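The structure appears right after this line, and notes come after that.
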Number of protein chains: 2
Amino acid sequence: MKNILIVGLGAVGTVFATFLKEYGHRVYAVVKDKSKYSCNSLKVDGIWGEHTAVLNGITDNTQEIKNINFDLIIVAVKSFDTENAVKTIKELVKENTIVILTQNGYGNYETAIKYLPKEKVLLGRVIFGSKINKPCYATITVNADDVRIGHPENLTEEKKVIETVCTIKHSGIPATYSKDIYKILWDKILYNSALNPLGAILKKRYGELAENPYTREIMNNIIKEIFDVCRLNDIQLNFSSADEYIEFFYTKLIPPTKDHYPSMYYDLLSGKRTETDALNGAIVKLGEKVGYTPKVNKTIVNIVKALEI
Amino acid sequence: MKNILIVGLGAVGTVFATFLKEYGHRVYAVVKDKSKYSCNSLKVDGIWGEHTAVLNGITDNTQEIKNINFDLIIVAVKSFDTENAVKTIKELVKENTIVILTQNGYGNYETAIKYLPKEKVLLGRVIFGSKINKPCYATITVNADDVRIGHPENLTEEKKVIETVCTIKHSGIPATYSKDIYKILWDKILYNSALNPLGAILKKRYGELAENPYTREIMNNIIKEIFDVCRLNDIQLNFSSADEYIEFFYTKLIPPTKDHYPSMYYDLLSGKRTETDALNGAIVKLGEKVGYTPKVNKTIVNIVKALEI
């Protein structure tokens, strides 16, 4: 059994913590404010059944767990908290520790390796849908695909990656090793960047956005700009052209999720900060870095930020 | 005394009709649906006092007034109805008739001269604020400047323009002859294009849009694109650069109107079609005509149109 640390007990962190602990690992969690987690046990329900677990410890002070030798640290905070989270766990990363970043968007790996050795940082693309009902209690609503795990530059010993994937998989969370994790993450960035901000701004479902000719034009332009930005930055995508992706987007990706509102919609509704900086905002930064301003993405980011305040 | 026809009895048309009739002219009105105007008399109140008038006729069928020799026709419909309105009055425009278009935005003159002789079509920049309380009853809330009237290419005999301006002025509506009417209209297009759609999308007042750094950036980009579009189309503006206008916009234009919501905001709230096609939408068309897509304006137009449906 392994020593595992979960950073952040949101909708994703609660699922990882509960399943891994229930399987038998020693699981700890770091949160921002421990006083919100007075619950004795974590609970997860939904499409994968009912699960409960009492963690070995929940803390908001890493000094309390600094002597534990963690095999695995799963960072499950929002993308805008990645840098803080990585700074927090820096001293906990030992010789044998593997870190998985599960956040949305672009820039999480790039931020993490400013503080941690590259080969210790894996990326996980999480695409099951879960929501937090109250602290310690999450519901899993949908699973679009396995959690994909890999190293963006394939710098981690393969055996070690596969072992990590197995740890997660055996706990009951479908997971797969991926040698193409970067491309796979970019698939999600494309999808989320096209749909999330518009759904949040206009309060519309994915299907409505796809049907309306005006939002369709905006989404197409967002996608085209992302392809331009990636080409200028030598970032490889799973699709050879924007048009190829756009076709796939409307025919394969939207239909099964057409009734969904994006998480960003709920974020704005409840006055929370959105992950726009890691999605369209990251596209703008990547573009501007090479002298190209993706104006549609920039306008959309500005509107979301104006609504955040 | 003159024969005058008002096309459209909205917030602007009702004011013109009432003042001109009260002064003693023979005033008729064409509306879309006569049955909505069962009122005996028009009424206007607000900053210019109380005024009432019984028009010589309100009709939705120009056949009924085709034998009247109109000296002046004031078109006061929304910009998206300009083409229909002009087609409707085409047969009423005689040798001595002068037409004034009072609509917002770009493209009204260009549309009108497809059907009417150029030299008969004057433009009027209306910048008093009035709202329609119910059919036949309007309130004037603010007057930013005289109604400016002129021919965009100065093709109408000056004497005739001045006579028309005097007709309006004597009736009690402040009006001035302008040799630069096109530039003056563009001032209003700049102002409205920057503020109206964003205020409508975000439900924010002019002052809030100017204070928020994100909406400020969008507005600056909208303005810069308009200057680009005008330069590429050889359209002369009153300002030598976007920066000069931007400075004037924030320091002089916004402060006195900071508590206003744009009319487009009320249009969207009440499920009405907006005038976006004559503002940012016209900018997009003018740009695309010369091979340049103003992407910020286009994105904003698409969002407004998605909200209209």
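If you rank A:Trp186, B:Trp48 by fewest surrounding Cβ atoms within 10 Å, what's the result?
Fewest to most other Cβ atoms nearby, the residues stand as B:Trp48, A:Trp186.
Count, for each residue of B:296-304, the Cβ atoms from other chains sitting within 10 Å of its Cβ, then give me the mean as a whole number.
Counting other chains' Cβ atoms within 10 Å and averaging over B:296-304 gives 6.
Would you mind giving the mean number of other chain beta-carbons within 10 Å of the Cβ of each residue in A:196-203, as a whole number? Don't jump to the answer; show the numbers that get you there.
Values: counts 0, 0, 3, 0, 0, 5, 4, 1.
Per residue, the average neighbour count from other chains is 2.
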task: Only bridges with both residues in region B:24-100 count here: give the DSSP antiparallel percent, nearest 5.
output: 35
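Give me the net charge of B:Lys169's neighbourhood, meaning all other residues with Cβ under 13 Å from the Cβ of B:Lys169; Lys, Arg count +1, Asp, Glu -1. Intermediate results must be reported in sequence, preceding the final value.
Numbers: positive: B:Arg148; negative: B:Asp146, B:Glu163.
Taking every Cβ under 13 Å from that of B:Lys169, the sum is -1.
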statement: Computed over chain B: longest principal axis from alpha-carbon atoms vs helix B:213-232 long axis, angle to nearest 10 degrees, is 70
- request: Distance check, please: which entries in A:Lys32/A:Lys204; A:Lys203/A:Lys305; A:Lys2/A:Lys183 exceed 24 angstrom between their Cα atoms?
  value: A:Lys32/A:Lys204; A:Lys2/A:Lys183
task: Give me the angle, in degrees from 0 to 90, between the Cα long axis of helix A:158-170 and the longest principal axis of the Cα atoms of chain A, rounded to the nearest 10.
output: 80
- line: Ordered by fewest other Cβ atoms within 10 Å, a rough proxy for footprinting exposure, B:Thr18, A:Thr141, B:Thr164 read A:Thr141, B:Thr164, B:Thr18
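Would you compute, from DSSP H runs of 4+ residues alone, the mean residue ellipticity of chain A at 222 nm, taking -39500 (n - 2.57) per run and dividing by the full residue count, rounded to the nearest 500?
Values: 12 runs with 129 residues, N = 309.
Helices in chain A give a 222 nm mean residue ellipticity of -12500 deg cm²/dmol.
Around A:Tyr191, with a cut-off of 12 angstrom between Cβ atoms, what is the net charge of the other residues, counting Lys and Arg +1 and Asp and Glu -1? Don't skip to the end; give the middle numbers.
Numbers: positive: A:Arg125, A:Lys188, A:Lys252; negative: A:Asp145, A:Asp187.
Here the charged neighbours net out to +1.
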- line: Mean per-residue count of partner chain Cβ within 10 Å for A:209-219 equals 4
field: In Hz, Karplus ³J(HN,Hα) per residue of region A:27-38 (6.51, -1.76, 1.60; θ = phi - 60°; x = Gly, Pro)
entry: 10, 10, 9, 10, 10, 6, 9, 4, 5, 7, 10, 7
query: With θ set to phi - 60° and the Karplus curve 6.51 cos²θ - 1.76 cosθ + 1.60, what are the ³J(HN,Hα) couplings of region B:171-179 in order, to the nearest whole Hz, using x for Gly and Pro?
result: 6, x, 9, x, 8, 9, 6, 10, 7
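Could you please report the charge total around B:Glu208, scoring K, R as +1 and D, E as -1 over all other residues with beta-carbon less than 11 angstrom from its beta-carbon?
On the way: positive: B:Lys203, B:Lys204, B:Arg205, B:Arg216, B:Lys258; negative: B:Glu211, B:Asp259.
In short, +3.
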field: Cβ-vector label at 7 Å, A:Asn40, separations to other copies in nm
entry: 8.2
query: When DSSP beta bridges are limited to those with both residues in the protein assembly as shown, what percentage is antiparallel, rounded to the nearest 5?
result: 30
- line: at A:Gly207 the sorted inter-copy label distances (label 7 Å from Cα on Cβ side), in nanometres, are 4.4
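Of all DSSP beta bridges in chain B, what percent run antiparallel (nearest 5)?
Numbers: 12 of 38 bridges.
About 30 percent, rounded to the nearest 5.
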task: One decimal, nm, shortest first: give the distances between the label point of A:Asn233 and those of the same position in the other copies, each label point 7 Å from Cα along Cα→Cβ.
output: 3.5
task: Note the angle between two axes, namely the Cα long axis of helix A:295-308 and the longest principal axis of the Cα atoms of chain A, as a number of degrees from 0 to 90, rounded to the nearest 10.
output: 60
task: Multiply the residue gap between A:Glu110 and A:Phe248 by 0.36 nm, knock off their C-alpha separation, and tell me the result in nm, one decimal place.
output: 46.8 nm
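A short reminder: the numbers here are calculations on the coordinates, not readings from a lab. Please read all numbers here as calculations on a predicted model, not as lab measurements. In this analysis, Cβ positions are derived from the backbone assuming ideal geometry, glycine residues included, and neighbour counts consider all displayed protein chains.
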